[in-house]
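Colleague: Pasting a structure below so you can have a look.
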Amino acid sequence: MSANVVDIAWRVGGPQGKGVDTAAGVFGRAAAAGGFFVFGRREYYSNIMGRHSYFDIRVATHPVAVHRNPVDILVTFETETLVRHALAVAAGGLLLHDAGAADVPIDRMVFLDPPLQEALVSHLEEAGLPPTTAGLLEAARRRGVTVLSVPYGELAEHLTSTLGASRARAERMINTVAVALSGALLQYDPELIKKGVALTFGSSPMTELNQQAVDLAYAYARETWDLEALPLRLAPRAERPVRLFLSGTQAVAMGKLAAGIAFQSYYPISPATDESVYLERHATVPTVDGGTSSVLVWQTEDELAAVATASGAALTGARSATATSGPGLSLMTEGLGWAGINEVPLVVTIYQRGGPATGLPTRSEQGDLLFAAHAGHGEFPRFVLASGDVAEAFVDAAQAFNYAERYQTVVIHLLDKTLASTLQTVDPFDTSQLSIDRGLVAEPAENGAWPGGFPRFRPTESGISPRPLLGQPGGMHWLTGAEHSEVGRVTEDPTTREQQMEKRMRKLEVAAREIPAEEKLQVYGDPDAAFTVLSWGSTKGAILEATQRLAAEGVQVRHLQIRMLWPFPAQELAPFLATAQPLVVVETNYSGQMARLLTQETGTKPDHLVVKYNGRPIAVNELLEAMRAILAGKAGPRYVIRNPFE
Amino acid sequence: MSVATVTVKDFQVDYPNDWCPGCGDFGILNALQQALAGLGLRPHEVAVFGGIGCSGKTQYYVNAYDIHTLHGRVLPYAIGAKLANPALTVIAVGGDGDGMAIGAGHFVNAGRGNLDLTYILFNNEVYGLTKGQASPTLPLGAQTKSLPEPTIQSGINPLMLAMASGYTWIGRGYAFDIRGLVRLIQQAIRHPGLAFLEVLQPCPTYNNLHTKAWFAGKDRGGLPRYAPLEPSYDPVILPGTDEATLQARMAAFIAEATRSEEPIRTGVFWENRAVPSLGERLVQRLPNYLSEPPAKKAVADGHGRPVVDLEPLLAEVAIR
Ligand SMILES: Cc1ncc(C[n+]2csc(CCOP(=O)(O)OP(=O)(O)O)c2C)c(N)n1
Ligand code: SF4
Ligand SMILES: [Mg+2]
């Protein structure tokens, strides 16, 4: 790596509710303020307080959209984080741990699941080290990790005595101290850490107090350690363009707001809730002409009601959406069918998590693709979109409404827990690049009287018919979940059934023809390379980087990312599939759900299926390893990425 | 300017009806059409949402915006439409199975909002459209025609459930007392909040216990088994009503709603005007809710570009 290329992976862990997220936010913003690209990955349990959580922040001079192992700096405050992550620190890296913590045998740690305990103990036994925290620290030292003992207790007392902070507040500020120690170890500009503090705490009085803690920590580090002797450096960049630093849920919410969402319903569920809460908090936003514009966010009693209220609102002309994850989608299926047969423009945002049932509620999985593509009894047209990163989440969230209204049907926007909680620097969103398509709305009163009811469902060549909105004079018609005539009258007539079924399904054929290829499929890497990786959703970041790394080694890879999964872009894929050698599909699920769709729609089977289903996203190094194995002819048709330590 | 008067004909529509002869649903339909016309509403201003069941077909025969929803979901669809377009007059109709079984969670939670709409529950004590199984309102031990054995589950009291859930207008009518029903439906619609009207509805095909003749008291010299609440009964709660009065009215409500002696009472059981409607609450939160409700929200300018200015939101997450 050349001297001015920076790529630092920093990890902080601790009990949920103790400020780990805040610490990561401060570090990430401090790095972004120095002109770096930043990527953040959050892991947490389905728990409010106490269970282990951790946050990876990756800082680089190039755009990053994935985490990596090993990490360069590990910040721990207590034993559990130390035990879970000590092995993850790279040679030449730094490990901060509590100087006051006792040496604890690993098999006494009830909070560690047995497989992880066994993996750690056998690792240490092989190295001839005791199966304790001291053994882990020694193993790190032997690997070339600089282990730094930090007297957190004393530092907290120091915060109390010099800054006058209460003991409780001082303990919380230890997070900031650890971030600042990390900054000092990297010889990063303390003013930028303080900027990270200000950007995180805003105008609250906590900003100043925490900024003083930064100075205190820097002073401590300079007095205590020989900073010059440490290997890692982070020097602010000269170029510091304005960037956004935000999560996937925020990006989706902003995309919806930009698109003019007027109604959002939801029932709380991880990892989808944050989006709705953000929308409610930002329910009224300014308009370009100086006015204001609002979205009504409605918390329902369950997801059955969430999909129904959003549909009811959509019938009146409101741009309407609901957001949930797999369990909620299960309940919404009846409502999808109703919207489908009534040709209701409805956006359903799904943040996939580990399934089935309650599954892994706070972990990630691309487990709901086939479900999204098929959910509901009977047949009706739908769209399934999937975003690959935070910037795409914004654009797709807005575009979903255009598809919904243009084709008057259900649009499922798939994301996952990974994207939901990813924090990423992106270029500022530009709403002037978005266009809005409201589809065919009827002007019934101007088109004369319709004594037998407005022909809402009159078959047309495109399958799309003008849609009157509830309350419009002259537009009255019937809506029903039963098969119906062109005015919405229930019918079981065979001919009408055929006509209406064909009308509805035709919309999808028209969409498949009309929608530009780039909205369905993106090509990255070398478009002419035979080595082809096919993906969808949040694995994009890992694949992009792995592709670039291999290119730097002289191995050309073509990366195809499917953004519209239904209707499946079989035609657009065909020329690539014809020349793919090998064809590799990467997914974070067990069975390769997209690979199945691919085979179903194109007849092509991937040569290699790379999957990971432990609930965690694929790290770039894990993917590289898989791709190298494939290149070396050492991978079978199914390659499972496993990692017991995350 | 002369305004054309609305007549019941405006709400009638020529469409073949497939209810069984003598079904109580005819009475309710008739009353609904008269009530809407009597209020001077124009058909396009009205949206009638139906559940699934024989009762859920009522809106087929009403000239208005009519939405046949899913089994149990009539309230959420109706709520979504009313929230998005508060100018609409929204009526929800459905069966006792639709509302008290599969839709019971929605029934209870709707009470929390006090949204200005009217829900009419057709209580025939059976699942009509699925051929007469026990509905959640059939009393313990009753055996209607289709039941192989008497029901071994108790019946729900819809009025009590409505009260417990926070409905601010609660009434009961009888399907063939059409004049009384017209008045009740109109009162329910005029009430500026969530209104619940239970209608006792004979199902001549499956409910052989509580028939039209039974309600009319044919077996006891023509003394009907239903009668209006006594004139002394006062259902009204006003803003500022003191606690003692409130408690007394609630006790009277419970006595009348649960009485086991005949006659079964009809009329307005509860009219709470002290609770702000959901619309009023929303205006507090979204200042332009009424001037630009979700249904009318401006989304794009003349060039198809978003009208929303995201700048303040971007500023919150911008690193400068
Ligand atoms: C999800 C679902 N489950 C079951 C049914 C079958 N179903 C149709 S109508 C009905 C019951 C209707 O009873 P009620 O709501 O009392 O209406 P009524 O016919 O008596 O007016 C049932 C169970 C359905 N349509 N949908
Ligand atoms: S089954 Fe009963 S409720 Fe249904 S139409 Fe016939 S009489 Fe009416
Ligand atoms: Mg019934």
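Colleague: Tell me the mean residue ellipticity at 222 nm calculated for the protein assembly as shown from its helices only (DSSP H runs of n ≥ 4, each -39500 (n - 2.57), averaged over every residue, nearest 500). Don't skip to the answer; put the middle values down first.
Modeller: Details: 30 runs with 345 residues, N = 966.
For the protein assembly as shown, the value works out to -11000 deg cm²/dmol.
Colleague: Oh, and also: Using a 1.4 Å probe and counting only protein heavy atoms, arrange A:158, B:68, A:377 so the residue with the most accessible area comes first. Write out the running numbers ahead of the final one.
Modeller: Values: A:158 80, B:68 20, A:377 155 Å².
Result of the area sort, largest leading: A:377, A:158, B:68.
Colleague: How long, wide and thick is the stretch A:9-98, going by the Cα atoms along their three principal axes, in whole angstroms, largest first?
Modeller: That gives 35, 29, 20 Å along the principal axes, largest extent first.
Colleague: Here's something else I'd like to know. Given a cut-off of under 8 Å on Cα pairs at least six residues apart, what relative contact order in percent is computed for chain B? Show your work: numbers first, answer last.
Modeller: Working: 636 pairs, mean separation 50.8, N = 320.
With pairs under 8 Å counted, the relative contact order is 16 percent.
Colleague: Would you mind pulling out the separation of the Cα centroids of the stretch B:89-118 and the stretch A:355-369, in Å?
Modeller: 32
Colleague: Looking at this model, which pairs from B:9/B:212; A:256/B:297; B:9/B:82; A:507/A:605; B:57/B:131; A:503/B:82 are more than 19 angstrom apart at the alpha-carbon? Spell out each step's value before the answer.
Modeller: Details: B:9/B:212 27 Å; A:256/B:297 14 Å; B:9/B:82 25 Å; A:507/A:605 28 Å; B:57/B:131 16 Å; A:503/B:82 29 Å.
Check vs 19 Å cut-off fails for B:9/B:212; B:9/B:82; A:507/A:605; A:503/B:82.
Colleague: Right, next: I'd like to know which of A:36, A:340, A:408 lies farthest towards the positive end of the charge dipole of chain A, counting +1 on Cβ of Lys and Arg and -1 on Cβ of Asp and Glu.
Modeller: A:36
Colleague: I'd like the mean, over residues of B:56-68, of how many other protein chain beta carbons sit within 10 Å of each residue's own Cβ.
Modeller: Shielding by partners across B:56-68 averages 5.
Colleague: Hey, another quick one. Read phi for every residue in the stretch A:123-138 and hand back ³J(HN,Hα) as whole Hz from Karplus 6.51 cos²θ - 1.76 cosθ + 1.60, θ = phi - 60°, with x for Gly and Pro.
Modeller: 4, 6, 4, 4, 7, x, 10, x, x, 9, 4, 4, x, 5, 5, 5
Colleague: Between chains B and A, what is the buried accessible area summed over both chains (1.4 Å probe, protein heavy atoms, nearest 100 Å²)? Please report the intermediate quantities before stating the final value.
Modeller: Working: alone 16160 and 25430 Å², together 35980 Å².
About 5600 Å² of accessible surface is lost on pairing.
Colleague: Between residue A:207 and residue A:167, what is the spin-label point distance in nm, taking each point 7 Å from the Cα along the Cα→C-beta axis?
Modeller: 3.1
Colleague: Let me ask something else about it. What ³J(HN,Hα) values, in whole Hz, does the Karplus curve 6.51 cos²θ - 1.76 cosθ + 1.60 give for the stretch A:309-322 when θ = phi - 60°, with x put for Gly and Pro?
Modeller: Using θ = phi - 60°, the values come out as 5, 5, 5, x, 5, 4, 5, 8, x, 6, 5, 10, 8, 9 Hz.
Colleague: Using a Debye calculation, one point per C-alpha and no hydration shell, please list log10 I(q)/I(0) for the protein assembly as shown at q = 0.07, 0.10 Å⁻¹ in order.
Modeller: Log10 I(q)/I(0), no solvent term: -0.68, -1.14.
Colleague: Let me ask something else about it. Just want to confirm a number: the relative contact order over chain A, from Cα pairs under 8 angstrom separated by 6+ residues, in percent. The partial results should precede the final answer.
Modeller: Values: 1396 pairs, mean separation 72.5, N = 646.
Dividing the mean separation by the residue count of chain A yields 11 percent.
Colleague: Separate question: Could you pull out which residues in the stretch A:122-149 have an amide N less than 11 Å from a spot 7 Å beyond the Cα of residue A:103, following the Cα-Cβ vector?
Modeller: A:130-138, by backbone N distance to the label point.
Colleague: For residue B:320 and residue A:490, what is the calculated FRET efficiency with R₀ set at 56 Å and r taken between the beta-carbons, to the nearest 0.05? Could you put the intermediate results ahead of the total?
Modeller: Values: r = 59 Å, r/R0 = 1.05.
It comes to 0.40.
Colleague: Moving on to the next point. To the nearest 0.05, what FRET efficiency results for residue B:20 and residue A:281 with a Förster distance of 51 Å applied to their C-beta separation? Don't skip to the end; give the middle numbers.
Modeller: Details: r = 53 Å, r/R0 = 1.04.
E(calc), rounded to 0.05, equals 0.45.
Colleague: Given a Förster radius of 35 Å and the C-beta distance between residue A:607 and residue A:552 as r, what FRET efficiency does 1/(1 + (r/R0)^6) yield to the nearest 0.05?
Modeller: Working: r = 24 Å, r/R0 = 0.68.
For R0 = 35 Å, the calculated efficiency reads 0.90.
Colleague: Of the listed peptides A:579-585, B:282-288, what is their order by residue-averaged count of other C-beta atoms within 10 Å, with the highest listed first? Each step should come with its number before you reach the end.
Modeller: Working: A:579-585: 18.9, B:282-288: 15.1.
By packing density, highest mean first, the sequence is A:579-585, B:282-288.
Colleague: Please pull out the direction-averaged projected area of the stretch B:8-290, using the convex hull of its alpha-carbon atoms, in nm² to one decimal place. Numbers along the way, then the final one.
Modeller: Details: hull surface 60.2 nm².
Averaging across all directions leaves 15.0 nm² for the Cα convex hull.
Colleague: In whole Hz, with x marking every Gly and Pro, tabulate ³J(HN,Hα) for the stretch A:471-480 from phi via Karplus 6.51 cos²θ - 1.76 cosθ + 1.60, θ = phi - 60°.
Modeller: x, 6, x, x, x, 5, 7, 10, 10, 7
Colleague: Place a label point 7 angstrom from the Cα of residue B:147 along the Cα-to-Cβ direction, then list the residues of the stretch B:197-228 whose backbone nitrogen is under 15 Å away.
Modeller: B:203, B:206-211
Colleague: Related question: So what is the diffusion coefficient of the stretch A:7-229 in µm² per second by Stokes-Einstein at 25 °C and 0.890 mPa s, using a Kirkwood Rh over Cα pairs?
Modeller: Values: Rh = 17.7 Å.
Stokes-Einstein gives a translational diffusion coefficient of 139 µm²/s.
Colleague: Now for a separate question. Tell me which residues come under 5 Å, amide H to amide H, from residue B:67 once H is placed; ignore anything under 5 positions away on its chain.
Modeller: Answer set, sorted by chain and number: A:479, B:48, B:49, B:50.
Colleague: For the stretch B:228-255, list residues with backbone N below 12 Å from a point placed 7 Å from the Cα of residue B:160 toward its Cβ?
Modeller: B:254-255
Colleague: Name the residues whose placed amide hydrogens come within less than 5 Å of the amide hydrogen of residue B:12, ignoring near sequence neighbours (fewer than 5 apart) on the same chain.
Modeller: Here the answer is B:63, since their amide H atoms fall under 5 Å of that of residue B:12.
Colleague: Counting only residues 5 or more places away or on other chains, whose amide H sits under 5 Å from the amide H of residue A:360 once H atoms are built in the peptide plane?
Modeller: A:354, A:355
Colleague: Determine the shielding of peptide A:250-259 by partner chains: average, over its residues, the number of Cβ atoms on other chains within 10 angstrom of each Cβ. Present the calculation step by step, with values, prior to reporting the outcome.
Modeller: Values: counts 3, 1, 0, 1, 5, 1, 1, 5, 8, 4.
Partner Cβ neighbours, averaged per residue: 3.
Colleague: List the relative contact order of the stretch A:247-433 as a percent without decimals, with contacts defined as Cα pairs under 8 Å and 6+ residues apart.
Modeller: Values: 410 pairs, mean separation 50.5, N = 187.
Across the stretch A:247-433, relative contact order equals 27 percent.
Colleague: Which semi-axis lengths, in whole Å and largest first, follow from the square roots of five times the eigenvalues of the Cα gyration tensor of the stretch A:165-272?
Modeller: Equivalent ellipsoid semi-axes, largest first: 35, 19, 13 Å.
Colleague: Here's another thing I want to ask about it. Just to be sure I understand: with springs between alpha-carbon atoms less than 10 Å apart, which residue in B:13, B:308, B:48 has the highest mean-square fluctuation in the Gaussian network model of chain B?
Modeller: Largest GNM mean-square fluctuation: B:308.
Colleague: Same structure, new question: For the stretch A:518-640, what ratio Rg/Rh do Cα atoms give with a Kirkwood hydrodynamic radius? Mind dumping the intermediate values first?
Modeller: On the way: Rg = 13.0 Å, Rh = 14.1 Å.
Ratio of gyration radius to Kirkwood radius for the stretch A:518-640: 0.92.
Colleague: Give the aspartates and glutamates reachable from residue A:195 as a straight Cα distance under 15 Å; neighbours fewer than 8 places away on the same chain don't count.
Modeller: Residue A:195 reaches A:208, A:215, B:316.
Colleague: Under a straight-distance cross-link criterion of Cα-Cα below 13 Å, which aspartates and glutamates are reachable from residue A:540, leaving out those fewer than 8 residues away in the same chain?
Modeller: Qualifying aspartates and glutamates at Cα under 13 Å: A:389, A:392, A:416, A:587.
Colleague: Within the set of other residues whose C-beta is less than 14 Å from the C-beta of residue A:505, count the net charge using Lys and Arg as +1 and Asp and Glu as -1. Provide the component values of the computation, followed by the final result.
Modeller: On the way: positive: A:382, A:497, A:503, A:504, A:506, A:507, A:513; negative: A:343, A:379, A:461, A:483, A:498, A:502, A:509.
Spelling it out: positives minus negatives among the neighbours equals 0.
Colleague: Further question on the same structure: Shielding by partners for B:5-16, please: the mean number of other protein chain Cβ atoms within 10 Å of each residue's Cβ. Please list the in-between numbers first.
Modeller: Numbers: counts 0, 0, 0, 0, 0, 0, 0, 0, 5, 2, 5, 1.
Counting other chains' Cβ atoms within 10 Å and averaging over B:5-16 gives 1.
The values are calculated or read from the model by the stated rules, or taken from the named source; none is laboratory data. Since this is a predicted model, take the numbers as computed values, not measurements. As a convention, Cβ positions derive from the backbone with ideal geometry for all residues, glycine included, and neighbour counts pool all protein chains shown. All accessible areas refer to the heavy atoms of the entire protein, side chains included, with ligands and DNA or RNA removed. Shrake-Rupley method; radii C 1.70, N 1.55, O 1.52, S 1.80 Å.
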